[in-house]
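Student: There's a structure below that I have some questions on.
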Amino acid sequence: METNKNRWLIALSAVAIHLSIGSVYAYSVYQNPLNDTLGWAVSDVSLAFTVAIFFLGMSAAFLGFFVEKYGPRISGFVAATLFGIGTLGAGWSIQLESLPMFIAFYGVIGGIGLGIGYITPVSTLVKWFPDRRGLATGMAVMGFGAGALITSPVAEFLMGAVSIPGAFYILGTAYIIMMVAGASYLKRPPEGWKPAAMIEKEKQEKEEGTNDTEEEKKKEEPAGDLSQLKANEAIKTLRFYLLWLIMFINISAGIMLLAVASSMTQEITGSTAATAATIVGIMGLFNGLGRIVWASASDYLGRTNVFTIFFSIQVIAFFVLPLVTNVVLFGILLCIIISCYGGGFACLPAYIGDLFGTKQLGAIHGYLLTAWAMAGIAGPTIVSSVVEATNSYAISFYIVNIMLIVALGCAILLRFNVKKVRRQNQTQAA
């Protein structure tokens, strides 16, 4: 089946969209400038980020039908329009010194654009890369995680060279151009399309045939998924809610740091705004790398083991963070935590398949993404409220640490639950 599209350019188009919307992870660079210039409190500035993540999660969870109905090109244009208007409108709101307008543009309108932009390229890429699905989706989500790497230093420079509103105007225009360019090339492949190399390989295997016995074939088959459940069946299981809580806490810990990374680094380590912006950018890189590295590791270590490692690492890191004043060590700890944050997103779809099968993986994924929306409220709210009440970040670290210990317990409980269900399956089969 022929097509005039190059699938690697499709992948590049997806990355262009995800790099643009991934700029939300550089939000903390605006924290101090908005506080110093307009006098907006830390909690007020964090609220816009919180609202944006909430609408990102909710729209990603429930607007999948829109992408399926109208296709990736139209949904990509819609995402570009909403995210662009949200960013440009945020600059206008700052110029008018209106916090409600800023929250409405950046948080609500931009947040919906974020959600549609997040889900638009992924399902398309899976269809273009039937032979390399992990690589394809990994590239897209890595682009989202790495968006802050570019935006953080650029935004810091523009705010100093032009103005805060000017930075939003320039960035908003750039996002629209990149996302429209990416969306204009996106297209689903023809039904049943496969790359030539894959067709040739299948043809060769068919011609060669095989003499394996049924018993030998059975031995070669990987261990099956725990079950094949529909979405309405999955939400009735204990493991669904354990996984939801695991994702909620993992995301809350990461988003808490992303919301205040720049200002927090400056206050705790005494570093300059430029140094803090650099660390925020590097965090974006680790957010992206963590998605590929941890997801790949989970294929060998197992998804439950990887999440157990996530929480073990983060419990130690969050305990140490308030005690560290060296900016390099502080930055290293932040990057390690953020790699776990990004890795959680990348491991989630595969984990859903492990636990519930692939019958309605997309719908179950959507339900679990509500954890992202809720965490977008919890993480920034915890840190901003505690900082305003105590003038210190330390207590917020300890609060999140308690949550991480709970998540570690959930991962252990999920391990026992999976073993129990597998034993039941074996008993029923026998």
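The values are calculated or read from the model by the stated rules, or taken from the named source; none is laboratory data. The model shown is predicted, which means the values in this text are computed figures rather than measured ones. Neighbour counts run over all protein chains shown; Cβ positions are idealised from the backbone, glycine included. Each accessible area value is taken on the protein alone, full model and side chains, heavy atoms only, with ligands, DNA and RNA left out. Shrake-Rupley method; radii C 1.70, N 1.55, O 1.52, S 1.80 Å.
Student: What are the residues in segment 31-49 that are open to solvent by 10 Å² or more (accessible area, probe 1.4 Å) and assigned to a helix (DSSP H, G or I), if any?
Tutor: ASN32, PRO33, ASN35, ASP36, THR37, LEU38, VAL42, SER43, ASP44, LEU47, listed by residue number.
Student: Only one residue in GLY76, GLY89, GLY71 is surrounded by 23 or more Cβ atoms within 10 Å (Cβ to Cβ), assigned to a helix (DSSP H, G or I) and small (Gly, Ala, Ser). Which one?
Tutor: GLY76
Student: If only one of ILE150, ILE164, ILE177 is under 25 Å from the mean Cα position of the chain (by Cα), among the hydrophobic types (A, V, I, L, M, F, W, C) and more than 20 Å from LEU82 (Cα to Cα), which one is it? Steps first, please.
Tutor: Values: ILE164 fails: under 25 Å from the mean Cα position of the chain (by Cα); ILE177 fails: more than 20 Å from LEU82 (Cα to Cα).
Within the list ILE150, ILE164, ILE177, the selection yields ILE150.
Student: Which one is modelled with the lowest pLDDT, of the residues in segment 1-14 that are open to solvent by 30 Å² or more (accessible area, probe 1.4 Å) and not basic (Lys, Arg)?
Tutor: MET1
Student: Right, another one. Within segment 173-201, which residues are open to solvent by less than 50 Å² (accessible area, probe 1.4 Å) and closer than 16 Å to SER20 by Cα?
Tutor: Residues of segment 173-201 that are open to solvent by less than 50 Å² (accessible area, probe 1.4 Å), as a first pass: 174-175, 179, 182-183, 186, 189-190, 193, 195, 198.
Answer for segment 173-201, where residues must be open to solvent by less than 50 Å² (accessible area, probe 1.4 Å) and closer than 16 Å to SER20 by Cα: ALA174, TYR175, MET179, GLY182, ALA183, LEU186.
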